[in-house]
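Each remark here refers to the structure printed beneath this line.
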Amino acid sequence: MNCSEDFGPFHGKTWINCSHQGALPRVAAEAALEAVSWKQSPYNLTSKRFTDVPARLRSALSKLLGAPSEEIALANSASYGLHLLANGIPLREGDEVLLVRGDFPSVVLPWLGLERRGITVRHLDSPLGADELANTISSRTRVLCTTWVHSFTGVALDLDAIGALCRERGVWFIVNGAQAVGARPIDVTSTPIDALVSVGFKWLCGPYGTGFCWMRPALQDRLELNQVYWLTMQTADDLGTEEALPTLRHDLGASAYDIFGTANFFNFMPWTASAEYLLDKGIDNIAAHDAVLVDRLIEGLDTRGYHVLSPRSGSKRSTLVLASHKDRSRNEAVHRALREQDVEIAYRRGNLRFSPHVYNTTDDIDRALQTLAP
Ligand SMILES: Cc1ncc(COP(=O)(O)O)c(C=O)c1O
């Protein structure tokens with residue numbers, strides 16, 4: 001698979017930093033331009049398009065996740081969905097929420113405010129394993145919220161084992177897929193999780209300010225959230241009819257909790273095009289392509305005497321490769337030197353983080369490796 005022509009221009013730079021921002025495919029850039037043209041000539045912003053734009057995005061996401069469209073809330077971030085859940089799951093004084101120490105801040109912060117209401121937030125050691133978890137869950141535990149692929153270790157969690165345990169013990173299992181969705185296939189209906197949030201701007205190759213929250217109907221039924229957006233309950237055309245009290249709809253599932261301004265043309269049109277592009281390539285094929293790049297990268301890092309810190313193989317391995325110069329104090333300088341030579345990776349928590357995706361080629365990996373200081 002060589003998709004590099006479908007992306008860019010990269011202006012001679014090598015972008016191996018999808019865990020920060022995925023590149024936007026050309027088809028998505030065209031969709032963004034179309035959105036701009038609609039706004040330049042606003043008679044194009046028809047009531048039908050206000051409905052169709054979010055519907056098409058939801059349909060693409062539903063195919064990516066294997067979930068019915070109405071189980072998906074459209075969002076602008078991972079944080080949006082995490083806040084829906086942290087504020088909406090009925091939790092009482094004495095209840096306990098489990099998080100993972102060192103997790104990405106957007107996963108941790110939404111729960112911390114609950115401590116004011118007497119809810120305990122416990123931070124478990126990373127990486128989270130089903131065995132340790134089995135000994136940790138107590139009769140007070142209501143929620144486990146964690147990231148699927150860890151931003152700073154590259155470890156991919158075993159959702160099946162952890163989820164099965166949570167389900168058996170009656171704990172809601174909330175997963176942040178920001179570093180996984182778009183790079184790893186998932187079918188949420190056959191994976192024992194209760195909610196999956198993600199950003200759209202990393203492995204889903206959408207614009208910044210995009211995300212979603214899928215939730216299982218059993219969880220959505222339990223949410224206690226007072227959040228009602230008028231354009232979710234009715235259409236702009238309804239404003240033309242005789243005045244009547246707006247009414248609540250109860251048939252919308254999770255989509256009732258869409259981010260306000262849901263027909264976000266500038267962001268959602270290109271994101272839909274990106275998601276449809278990835279679907280067309282096939283997430284399985286993309287995962288296989290990314291795995292080839294990761295293999296080559298790990299082999300080259302070994303050859304150059306770098307330490308590979310993220311899992312090297314097996315189901316725990318992800319598309320995030322964390323590595324270190326044998327003298328860890330040199331990592332920042334190595335990162336700077338790569339950037340000076342037009343190779344872009346991330347420097348995170350003292351380590352080097354490579355994250356290749358669909359638009360990268362083996363040449364990109366070789367170029368990064370050749371540029372690495374000995
Ligand atoms: C694991 C993880 N979760 C979430 C985010 C971003 O979250 P949000 O969309 O809420 O800003 C990132 C990176 O930006 C991340 O690496």
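The values are calculated or read from the model by the stated rules, or taken from the named source; none is laboratory data. None of the values given here were measured: they were computed from a predicted structure. A quick note on method: Cβ atoms are made from the backbone with ideal geometry, for glycine too, and the neighbour counts reach across all protein chains shown.
A few notes on this one:
- Set side by side, the residues GLY88, GLY94, GLY113, GLY118 differ, and just one is assigned by TED's automatic domain parsing to the domain that holds TRP230, more than 20 Å from GLN179 (Cα to Cα), away from the ligand (no atom under 15 Å from the Cβ) and surrounded by 16 or more Cβ atoms within 10 Å (Cβ to Cβ), which is GLY88.
- Residue that is nearest to VAL334 (Cα to Cα) [pool: residues in the stretch 268-306 that are acidic (Asp, Glu) and surrounded by 16 or more Cβ atoms within 10 Å (Cβ to Cβ)]: ASP290
- Scan of the stretch 4-26 for residues that are within 16 Å of the ligand (Cβ to nearest atom) and touching a Phe, Trp or Tyr at 6+ places or on another chain (Cβ under 7 Å), ordered by number: ILE16, CYS18, GLN21, GLY22, ALA23
- Apart from one condition, LYS39 fits all of (1) exposed (fewer than 13 other Cβ atoms within 10 Å of the Cβ); (2) part of a helix (DSSP H, G or I); (3) out of contact with any helix residue (DSSP H, G or I) (no Cβ under 8 Å at 6 or more places or on another chain); the exception is (3).
- If only residues of the stretch 121-139 that are closer than 17 Å to ILE174 by Cβ and among the hydrophobic types (A, V, I, L, M, F, W, C) are counted, the one that is farthest from the ligand (Cβ to nearest atom) is ILE137.
- Wholly enclosed strands (runs of 3 or more DSSP E) of the stretch 282-374 bearing at least 1 residues at pLDDT 95 or above and more than 25 Å from the chain's Cα centre (by Cα): 321-324
- Search result, residues across the stretch 153-169 that are touching a residue at least 12 places away in the same chain (Cβ under 8 Å) and away from the ligand (no atom under 16 Å from the Cβ): ASP158, ASP160, ALA161, ILE162, GLY163, ALA164, LEU165, CYS166, ARG167, ARG169
- Where a residue in the stretch 92-115 is closer than 19 Å to GLU132 by Cβ and its partner, wherever it lies, is modelled with pLDDT of 95 or more and among the aromatic types (Phe, Trp, Tyr), with Cβ under 8 Å and at least six apart: VAL97/TRP111; LEU99/TRP111; GLY102/PHE152
- Test: residue in the stretch 194-205 that is among the polar types (S, T, N, Q) and within 11 Å of the ligand (Cβ to nearest atom): yes
- You will find that of ALA288, ALA254, the residue that is in contact with an Asp or Glu (Cβ under 6 Å, 6 or more places away or on another chain), farther than 25 Å from ALA29 by Cα and among the aliphatic types (A, V, I, L, M) is ALA254 and no other.
- In the stretch 68-85, the residues that are of a type in the set (S, T, N, Q) and either closer than 17 Å to GLN179 by Cβ or within 12 Å of the ligand (Cβ to nearest atom) (or both): ASN76, SER77, SER79
- Condition check for LEU231 on (1) touching a strand residue (DSSP E or B) at 6+ places or on another chain (Cβ under 9 Å); (2) closer than 29 Å to LEU24 by Cβ: one failure, at (1).
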